[in-house]
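Below is one structure, written out as C-alpha cells, with a few remarks after it.
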Amino acid sequence: MTATTTSTEWWRTAVIYQIYPRSFADSSGDGIGDLAGITSRLEHLAALGVDAIWLSPFYRSPQKDAGYDVADFTDVDPLFGTLADFDAMLERAHSLGLRVIVDIVPNHTSSEHAWFQAALASAPGSIERARYIFRDGRGPDGAEPPNNWESVFGGPAWTRVTEPEGTPGQWYLHLFDSSQPDVDWSNEEVRLEFDRVLRFWLDRGVDGFRVDVAHGLAKHPDLPDFVIDEMIDSMGAAQMGHPAWAQEGVHEIWRRWRAVVDEYDGERILTAEAWVEPLSRMAAWVRPDEMHQAFNFPYLMTLWDASAVKSVIDESLGAFASVGAPATWVLSNHDVVRHPSRLALTAPNPQGVGIGPDSPGLPDPAVARARGRAATLLMLALPGSAYMFQGEELGLPEVLDIPADRRQDPTFARTQGERYGRDGCRVPIPWEADAPAFGFSPSGQAWLPQPAEWAPIARDRQLADPESTLTMYAHALRLRRERRLGSAELTWLDTPDGVLGFTVGDVTVIANVDGPETPVPDGIVLAASRPVAGSIPQDTCVWIAR
Ligand code: GLC
C-alpha cells in the first residue's frame, strides 16, 4: 500500500494532530485507548480540519514509560490491538484525507526487547552486549557507575547487572528509565535493524515518523563525566555541552534515514524531537538532507511575555529558513504541562516537573482559559507547520489532583514524588458529557481518573456552542487553510509594548499579551479568542481581514 498523497510538500504548512493512543478512545473497555478506538473517532479530526495525525507509540511494550519502552518495533501491543487494526486505522485516515505519522523510538529499547535479554545472558565483550552501552564500573570493585550522568527521569543513568554466573557485573546506560537501555548507534547492526523498522512501516503506508529523542542517539565516544554534578533537566542541558546530547554524530544517522524515506513516493517525512537550543543549532537537524521538520521547543518553552514571544517567532522564522525548512510551532504535547495551565503559572516550572496540588504558583482557571485560547489563535496564524496535542481543541487544562497511587509517569516514582511528572496532560479525553468515562470507554474505566468537572467541556457540548474552544479551533483551522496562512509572509506592525501585531497573507493579527487595551483595527473580525467590542484586552488575540 502506498500513501495517498498528490500535493507537493504538504508538510511545509500542515497542521498535525498528536494522538496519544492510551488516552484517545478505548473500544475494548479496558480503560486504555486503542487503535480501533482511534479509527472510530477519526472523522472528528477530519471535521476539525487538521491535515495529519501523529500517533505516540502503540508497539509491543511492557508500558513502563507509556509505550516509549519498545519491546518489538514491528508489532502492535495487544493493549492497542493488532497489525490488522493498524492497517484499518491507516486506511480510514487516508480515506478521510488525513496523513499518518508514527512515532519511532531509536535511542533505546525496552529491557524486555529480545536484544537486551540476550545481552543480559551473554558475557561482557559479546556481540549481544555491543548493541547496548555496557561498561565496567569505576572504583576497585567496579561498584561505581562508569560516569556521573543522570537519567532524565531522575536518579543515575546507569544500572549494574548481575552477570549470568551470579556475580555483580557491568553497568548499562539508560538516559531514561532503567527499563529503557540505550542502544549503541556506533554499531552497524543497530543501524541496519532500524533501516528495517523504517521500511516495515513505510511499506505499510505511513506518511512519516516522529523521531523520539533525536538529539540523544550519538554519545561522546569516551562517555566522559558531565562537568555539572547536579543535572536538573538533562533535556534542557543539551545546549550546555552535555556529552550525551546533541553530539555531531547524530547527523549522519539522519542523513541515512532521509535516504531511506526518500526511496518511497508520496513525500514521507521525518520530524525530530530534539531538545536543542538555540534554534540556530536546532536548524542543523532540518538541513536539506536530514529531517523535514523539528519540533520548535524554544517556542513551546517561551513564557507569556510579548517581547519574548516576538523574539522567538523571529528567531524561528530565521533559523528554519536559513536551511530551507519550514518553521514549526507547538504549544502542547504529552511531555509538558498543557499550555493553558502552563502559560498562567506564576512560578517557574522546569519541563518534566509537572504540576500538582502542592505546586507553587498554580494557574487561575480564568486566566488559563483566556491565555490558552489567545496563544492558540496566535500560533495558528504563523506561517509554517503547527502541531496540536489531543484535547487542546477542547481547552483541557492540566489535571492536578491525580492520586499518588494512580500516577504512572516513571518520573514520579524515580523522584519519590518530588516531581509530579507528565500524567496531568495525559488524562483520557472527554467526548460525550453524559456517557461513561465521558465517552472515552464503554466500560466507564479510564487508566488515569478524569475530573468530574469535565462534563461541560466534553466535545459534544462544545460542538453546539459558537463560543467554545472547539469551535474556535475549527474556525481558525478553516481560515488558515482558506487564506493559505501556512505559506504566507509575516510582517510585523508597530504596536505598543506588550502587544504583538503582524500581517500574514490578507489577515492582520493582533495579540494583546501583557500590554494596554488596544483598539481593534478597521476591518472585519474573522476570529477572536474572546468576544471583543472595539478594543482588545490583555490575553486576547484577534484576526482581522485586511
Ligand atoms: C521522549 C518522549 C517521552 C519519553 C522519552 C523517552 O521525550 O516524548 O514521552 O518518555 O522520549 O522515550
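General remarks:
- Residues located in region 455-467, provided they are free of Cβ contacts under 8 Å to residues at least 40 places away in the same chain and surrounded by 14 or more Cβ atoms within 10 Å (Cβ to Cβ): Ala455, Asp460, Arg461
- In region 386-395 there is no residue that is more than 29 Å from Arg481 (Cβ to Cβ), in a loop (DSSP other than H, G, I, E, B) and assigned by TED's automatic domain parsing to the domain that holds Val15.
- Here region 328-355 is the region considered, the condition is being under 18 Å from Asn296 (Cβ atoms) and open to solvent by 20 Å² or more (accessible area, probe 1.4 Å), and the residue that is nearest to the ligand (Cβ to nearest atom) is Gln351.
- In the condition set (1) farther than 30 Å from Val261 by Cα; (2) within 15 Å of the ligand (Cβ to nearest atom); (3) among the hydrophobic types (A, V, I, L, M, F, W, C), Val183 is compliant with all but (1).
- The set of residues from region 460-504 being assigned by TED's automatic domain parsing to the domain that holds Thr328 and basic (Lys, Arg) comprises just one member, Arg461.
- Region 98-215 holds no strands (runs of 3 or more DSSP E) entirely within its bounds that carry 3 or more residues that are out of contact with any strand residue (DSSP E or B) (no Cβ under 6 Å at 6 or more places or on another chain), farther than 20 Å from Ser61 by Cα and open to solvent by 10 Å² or more (accessible area, probe 1.4 Å).
- Per-region count, region 325-380, residues part of a helix (DSSP H, G or I) and more than 18 Å from the chain's Cα centre (by Cα): 11
- Pairs meeting the criteria (first residue in region 155-180 and among the hydrophobic types (A, V, I, L, M, F, W, C), second residue at pLDDT below 95 and not in a loop (DSSP other than H, G, I, E, B), beta carbons under 6 Å, at least 6 apart or on different chains) are Ala157/Glu150.
- Just one of the numbered conditions (1) within 14 Å of the ligand (Cβ to nearest atom); (2) among the hydrophobic types (A, V, I, L, M, F, W, C); (3) more than 16 Å from Ile19 (Cα to Cα) is not true of Ala84: (1).
- Residues in region 421-445 that are open to solvent by 20 Å² or more (accessible area, probe 1.4 Å) and under 25 Å from Leu55 (Cβ atoms): Arg422, Glu432, Ala435, Pro436, Phe438, Pro442, Ser443, Gly444, Gln445.
- Restricting attention to region 416-437, the residues that are assigned to a helix (DSSP H, G or I) and either over 24 Å from the mean Cα position of the chain (by Cα) or among the charged types (D, E, K, R) (or both) total 3.
- Which numbered condition Thr6 fails, given (1) modelled with pLDDT under 95; (2) closer than 27 Å to His108 by Cα: (2)
- Among residues of region 249-274 that are without any contact (Cβ under 8 Å) to a residue 40 or more places away in the chain, those with a Cβ under 6 angstrom from a residue that is open to solvent by 50 Å² or more (accessible area, probe 1.4 Å), sequence gap 6+ or separate chain, pair up as Arg255/Asp289; Arg258/Asp289.
- Residue match in region 55-72 (condition: more than 16 Å from the ligand (Cβ to nearest atom), of a type outside the set (Val, Ile, Thr) and open to solvent by 20 Å² or more (accessible area, probe 1.4 Å)): no
- The residues listed here are Ala375, Ala344; of these, the one that is touching a residue at least 60 places away in the same chain (Cβ under 8 Å) and farther than 27 Å from Gln63 by Cα is Ala375.
- Residue within region 20-35 that is among the hydroxyl-bearing types (Ser, Thr, Tyr), surrounded by fewer than 18 Cβ atoms within 10 Å (Cβ to Cβ), assigned by TED's automatic domain parsing to the domain that holds Gln390 and touching a helix residue (DSSP H, G or I) at 6+ places or on another chain (Cβ under 7 Å) present: no
The values are calculated or read from the model by the stated rules, or taken from the named source; none is laboratory data. Predicted model, so just to flag it, every value in this text is computed and none were measured. As a convention, Cβ positions derive from the backbone with ideal geometry for all residues, glycine included, and neighbour counts pool all protein chains shown. Ligands, DNA and RNA are stripped out before the accessible areas are found, and what is left, the full protein with its side chains, is counted by its heavy atoms. Shrake-Rupley method; radii C 1.70, N 1.55, O 1.52, S 1.80 Å.
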